[in-house]
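The values are calculated or read from the model by the stated rules, or taken from the named source; none is laboratory data. Predicted, not measured: the structure shown is a model, and the values here were computed from it. Every residue, glycine among them, receives a Cβ derived from its backbone with ideal geometry; neighbour counts consider all protein chains shown. Just the protein is used for accessible areas: all its heavy atoms, side chains included, with ligands, DNA and RNA removed. Shrake-Rupley method; radii C 1.70, N 1.55, O 1.52, S 1.80 Å.
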Amino acid sequence: MNFLLRPPSLFVFLLIVLSACKNTPKPDSMTETTYYTEAHRPQYHFSPPTHWMNDPNGLVYHKGVYHLFYQYYPEDIVWGPMHWGHATSTDMKHWEHKPIALFPDENGYIFSGSAVVDHQNTTGFGTEENPAMVAIFTYHLMEGEKAGRTDYQTQGIAYSLDHGDSWTVYEGNPVIGNPGIKDFRDPKVFWNEQTQAWTMLLVAGDHLQIWGSNNLIDWEQQSEFGKNQGAHGGVWECPDLFPLSLDGAGAADAQKWVLLISINPGAPNGGSGTQYFIGDFDGKTFTSDQTEPLWIDGGTDNYAGVTYNDTPDGSRLFIGWMSNWNYAQLTPTQAWRSAMTLPRTLHLETVAASPRLVSKPLPIHNPASASTSTYEVPVEDILSISNKDINQSQIRFDWDGASVNLDFTNEEGQVLSLSLDKEEQTISLDRSQSGYVGFEERFKNDQQMSWTPLEGKNELNIYMDASSIEVFVNGGQSVLTAQFFPLKPYENLTISQPGNSPLKLNSFEMTPIPSIWR
Ligand code: FRU
């Protein structure tokens, strides 16, 4: 990504109106009646109160609180000088907005990175009783990029002794200077049990570098990976690396390491996407015999996702940015732009005899209190539902037999079509007639992913939220995430099987999901 080329603001008016709103939990310009009610505003996903957001950063759990930092430009709804926005959650369903954590300084904009809790006080920034939360991020020096230099991305750190509320930038920054590599960024740091030290993953253009440190300040490079493996249609970004047990087996020899690498452009459906590699990590070097890329999500809108450090139950909890650099800055929202995916736990499962990364959304509502509607499935060929809650709901069913088509429509006649084709073994999403689509040519493109249908019963779990669809097939073995922008919410859903085969749906349920913001 050439950061110089990101287009300037088109929304000067909004900038003036909303510039007073930055940095407060509920911006002044948002009255109770407008807060999170704008057109297309997700109601149970995280989105910033106002202005531009991209990647999730610094995902860390500490003392009962999940922290979500994010790439944030608090003066416009397009990308600009990057800050770290901040929000917290105790249940991963509801979020509290916090003051901006990190601001650009003389070393540059604050690009993506991670956060750790320094429990053993290896930095000396805190104490063992009150360990520092340390953010490790990339500095992007715009003056350097503009001057045509290649060394404008360096790594810096900052720490907080009050659970992320206020931050001190380390005075010795940068802690890793630039060796002359243009794209040198997005440090993911974690405590490495094997070496009893810190490990940093850093992307360097077309490959990954692994660095080690005893104190988060002095770093030394240990290995590199990937120059000739996986997808290379664009720059590598936002790495992550973690162990998972295959099929949940407890045995240590069933443990594999999964490396996430986001890439832009070069994703199968165009623009941004996140590939993964399954391999081994000896504490310093990652190896994998995988040469072809695998993708965490077959949709267009799940990018730069990474996982939490220090989850209380050891689960591998993932959040992605629900957009794509092809059109992220042009989507038809006002006052705010972009949302995160639902939080998902990642698992390694055997699918068609090979290990595959599987994503399962965290439960978003309490089944006991949810007002689930169960629909009688007709004997004829089509199930048709009209319900004003469809556009903000969870939809679940399983079916026997062949392929299945879902059409979400609104009273404007706009349609979002999802098809699962058992013969072709594909899942596709057509959003060419889904509403506002003309803001960028490529938004209309069909998206398609491969799918391994199960013999007999297959199962669909879909989350609709104002302007996003997240599709989880067969327990998350196939996942497709995409945005859409209808003029009016979709209130009708028809489900059919192509050809003349009768519909063989079982247990169809639709559960409205209440807003987490109001
Ligand atoms: C990914 C990315 C990162 C970079 C950040 C800048 O979307 O390009 O590589 O750190 O966004 O905002």
Normalised by the residues of the chain, what does the relative contact order come to in percent, with Cα pairs under 8 Å and at least six apart? 13 percent
Give me the percent relative contact order of the stretch 247-336, please, defined on Cα pairs under 8 angstrom at least 6 residues apart. 23 percent
Could you work out the helix-only [θ] at 222 nm for the chain, with each DSSP H run of four or more residues adding -39,500 (n - 2.57) and the total divided by the number of residues, to the nearest 500 deg cm²/dmol? -500 deg cm²/dmol
Considering only DSSP states other than H, G, I, E and B, which trypsin sites (Lys or Arg not before Pro) in the stretch 183-286 qualify as loop sites with at most 13 other Cβ atoms within 10 Å? LYS227
Take every Cα pair under 8 Å in the stretch 430-494 that's 6+ residues apart, average their separations, divide by the length, and report that relative contact order as a whole percent. 28 percent
Return the whole-Å distance between the Cα centroid of the stretch 241-277 and the Cα centroid of the stretch 446-516. 24 Å
At 7 Å along Cα-to-Cβ for each site, give me the label-to-label distance between TYR35 and ASP313 in nm. 3.0 nm
With +1 on each Lys and Arg Cβ and -1 on each Asp and Glu Cβ, and nothing else charged, work out how big the dipole of the chain is about its Cα centre, in Debye to the nearest 20. 580 debye
Place a label point 7 angstrom from the Cα of SER515 along the Cα-to-Cβ direction, then list the residues of the stretch 90-108 whose backbone nitrogen is under 16 Å away. 94-97
Once the piece of chain linking LYS146 and GLU411 is laid out straight, how much longer is it, given 0.36 nm per residue of separation minus the C-alpha distance between them? 90.5 nm
Dipole of the stretch 59-138, Cα-centred, from +1 at each Lys and Arg C-beta and -1 at each Asp and Glu C-beta, to the nearest 20 debye? 240 debye
How much length would be gained if the chain were fully extended between ASN121 and ASP105, taking 0.36 nm per residue of separation minus their Cα-Cα distance, in nm to one decimal? 3.2 nm
Positive end of the dipole of the chain, charges at C-beta (+1 Lys, Arg; -1 Asp, Glu), about the Cα centre: which of LEU59, VAL258, MET200 has its Cα farthest in that direction? LEU59
Overall Cα dimensions of the stretch 373-512 - principal axes, largest extent first, Å: 41, 30, 27
When the chain is reduced to its Cα atoms, the Kirkwood hydrodynamic radius in Å: 23.5 Å
With +1 on each Lys and Arg Cβ and -1 on each Asp and Glu Cβ, how big is the dipole of the stretch 373-512 about its Cα centre, in debye rounded to the nearest 20? 200 debye
Under 23 Å between alpha carbons - lysine pairs in the stretch 373-512 that sit 8 or more apart or on different chains: 5
Go ahead and run the numbers for FRET between GLU423 and THR285, Cβ-Cβ distance against an R0 of 41 Å, rounding to 0.05. 0.45
Give the accessible surface of the chain per residue, rounded to a whole number of Å², with probe radius 1.4 Å and ligands, DNA and RNA excluded. 38 Å²
In nm, to one decimal, how far is the ASP218 label point from the GLN433 one, both placed 7 Å along Cα→Cβ? 6.6 nm
Do the alpha carbons of any pairs in LYS93/LYS256; LYS188/LYS360; LYS188/LYS284; LYS93/LYS284; LYS256/LYS284; LYS182/LYS360 sit beyond 25 Å of each other, and which pairs? LYS93/LYS256; LYS93/LYS284; LYS182/LYS360
